[in-house]
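Asker: Sharing a structure here in structure tokens format.
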Amino acid sequence: MRLGLTLPLLPMETLPSFVSHIAQRNGLRHVQDFVQDMDLSWQKILQLDPDTVQELADLTGADVEALVAGSFVPVGDGFFCFRGRDLPLSFLNRSALKYCPHCVANDRDVHGRTWGRVLWQLDSLQVCPAHGTMLDVLAPPSNARKLVMP
Ligand SMILES: [Zn+2]
């Protein structure tokens, strides 16, 4: 099945960011509702499960390799893999969403939306590599459900 309303995958966009934007494009406020409607698993999306990624490629028309190129995948034993390198999970900070306000403004000007970057999730990265400015931090939502990204 191919969704009638899709979006292009943007440069190095993470898979969760892309799925969140696809959910929003299809009129859903919560990405979990989209995932459930499509009979997918959010956990498998986060793990880049190959069958789930293929289903998302079929739904959106996006290339499978492009869908995973901007994301990290847990590989077990306390590590994740990003761009072919295994790094300790302790390198990631998933308790808050960091972003560069200049990148976000530029994204919206050029692409009409912004997207998550895996580099922003690295705990030790506090400065945007492109702009040299401190990353801002969004507090996690108070409810357990994930809102689609703005
Ligand atoms: Zn930036």
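Asker: Quick one: how many residues across the stretch 10-34 are among the hydrophobic types (A, V, I, L, M, F, W, C) and surrounded by fewer than 22 Cβ atoms within 10 Å (Cβ to Cβ)? Steps first, please.
Answerer: Going through the stretch 10-34, the residues among the hydrophobic types (A, V, I, L, M, F, W, C) turn out to be 10, 12, 15, 18-19, 22-23, 28, 31, 34.
Now drop any that are not surrounded by fewer than 22 Cβ atoms within 10 Å (Cβ to Cβ), which leaves 10, 12, 28.
Summing the residues that are among the hydrophobic types (A, V, I, L, M, F, W, C) and surrounded by fewer than 22 Cβ atoms within 10 Å (Cβ to Cβ) in the stretch 10-34 gives 3.
Asker: Which number in (1) in contact (Cβ under 8 Å) with a residue 12 or more places away in the chain; (2) in a loop (DSSP other than H, G, I, E, B) marks the one condition that Ser17 misses?
Answerer: Checking Ser17 against (1) in contact (Cβ under 8 Å) with a residue 12 or more places away in the chain; (2) in a loop (DSSP other than H, G, I, E, B), the one that fails is (2).
Asker: Return the residues of the stretch 35-80 that are under 17 Å from Leu5 (Cβ atoms), open to solvent by 20 Å² or more (accessible area, probe 1.4 Å) and of a type outside the set (A, V, I, L, M, F, W, C); say none if nothing qualifies.
Answerer: Those that are under 17 Å from Leu5 (Cβ atoms), open to solvent by 20 Å² or more (accessible area, probe 1.4 Å) and of a type outside the set (A, V, I, L, M, F, W, C): Asp37, Glu55, Asp58, Gly61.
Asker: Only one of Val31, Val19, Val104, Val64 is assigned by TED's automatic domain parsing to the domain that holds Thr133 and β-branched (Val, Ile, Thr). Can you tell me which? Full working, then the answer.
Answerer: On the way: Val31 fails: assigned by TED's automatic domain parsing to the domain that holds Thr133; Val19 fails: assigned by TED's automatic domain parsing to the domain that holds Thr133; Val64 fails: assigned by TED's automatic domain parsing to the domain that holds Thr133.
Criteria check complete, one pass: Val104.
Asker: A further question on this structure: If I filter the stretch 81-92 down to residues being over 23 Å from Val19 (Cα atoms) and surrounded by 15 or more Cβ atoms within 10 Å (Cβ to Cβ), which single residue comes out as nearest to the ligand (Cβ to nearest atom)? Talk me through it step by step, then tell me what you get.
Answerer: Taking the stretch 81-92 and keeping what is over 23 Å from Val19 (Cα atoms), we get 85-88, 90-91.
Pick out the ones that are also surrounded by 15 or more Cβ atoms within 10 Å (Cβ to Cβ) and you get 87, 91.
Details: Leu87: 21, Phe91: 20 Å.
Here the answer is Phe91.
Asker: Could you tell me whether any residue of the stretch 93-103 is of a type in the set (Lys, Arg) and either at pLDDT below 90 or over 18 Å from the mean Cα position of the chain (by Cα) (or both)?
Answerer: Residues of the stretch 93-103 that are of a type in the set (Lys, Arg), as a first pass: 94, 98.
Okay, now just the ones that are also either at pLDDT below 90 or over 18 Å from the mean Cα position of the chain (by Cα) (or both), so 94.
There is at least one residue in the stretch 93-103 that is of a type in the set (Lys, Arg) and either at pLDDT below 90 or over 18 Å from the mean Cα position of the chain (by Cα) (or both).
Asker: Could you tell me whether the stretch 131-148 includes any residue that is open to solvent by less than 50 Å² (accessible area, probe 1.4 Å), out of contact with any Cys (no Cβ under 9 Å at 6 or more places or on another chain) and in contact (Cβ under 8 Å) with a residue 60 or more places away in the chain?
Answerer: We begin by selecting, within the stretch 131-148, every residue open to solvent by less than 50 Å² (accessible area, probe 1.4 Å); these are 133, 135, 148.
With out of contact with any Cys (no Cβ under 9 Å at 6 or more places or on another chain) added as a condition, the list becomes 148.
Still in the list and also in contact (Cβ under 8 Å) with a residue 60 or more places away in the chain: 148.
Among the residues of the stretch 131-148, at least one is open to solvent by less than 50 Å² (accessible area, probe 1.4 Å), out of contact with any Cys (no Cβ under 9 Å at 6 or more places or on another chain) and in contact (Cβ under 8 Å) with a residue 60 or more places away in the chain, which makes the answer yes.
Asker: Only helices (runs of 4 or more DSSP H) wholly contained in the stretch 21-102 count here; list those with 3 or more residues that are out of contact with any Ser or Thr (no Cβ under 6 Å at 6 or more places or on another chain) and among the aliphatic types (A, V, I, L, M). Spell out how you get there, then give the answer.
Answerer: Values: elements: 31-37, 42-46, 50-60, 64-69.
Hits in the stretch 21-102: 50-60, 64-69.
Asker: Okay, next question. Restricting attention to the stretch 93-114, report how many residues are more than 8 Å from the ligand (Cβ to nearest atom), touching a residue at least 12 places away in the same chain (Cβ under 8 Å) and surrounded by fewer than 17 Cβ atoms within 10 Å (Cβ to Cβ).
Answerer: Qualifying residue count for the region: 5.
Asker: Would you confirm, using the coordinates I've provided, whether Leu3 is over 21 Å from Leu138 (Cα atoms) and open to solvent by less than 50 Å² (accessible area, probe 1.4 Å)? Write out each step before concluding.
Answerer: Values: over 21 Å from Leu138 (Cα atoms): yes; open to solvent by less than 50 Å² (accessible area, probe 1.4 Å): yes.
It is true that Leu3 is over 21 Å from Leu138 (Cα atoms) and open to solvent by less than 50 Å² (accessible area, probe 1.4 Å).
Asker: Here's another thing I want to ask about it. For Arg117, which of the numbered conditions (1) open to solvent by 40 Å² or more (accessible area, probe 1.4 Å); (2) within 21 Å of Leu138 (Cβ to Cβ); (3) more than 13 Å from the chain's Cα centre (by Cα); (4) touching a residue at least 40 places away in the same chain (Cβ under 8 Å) fails to hold?
Answerer: (3)
The values are calculated or read from the model by the stated rules, or taken from the named source; none is laboratory data. In this text the structure is predicted, and so the values were computed from the model without any measurement. Backbone-built Cβ (ideal geometry, glycine too); neighbour counts: all protein chains shown. Remember, those area values only see protein heavy atoms, side chains included, never the ligands or the DNA or RNA. Shrake-Rupley method; radii C 1.70, N 1.55, O 1.52, S 1.80 Å.
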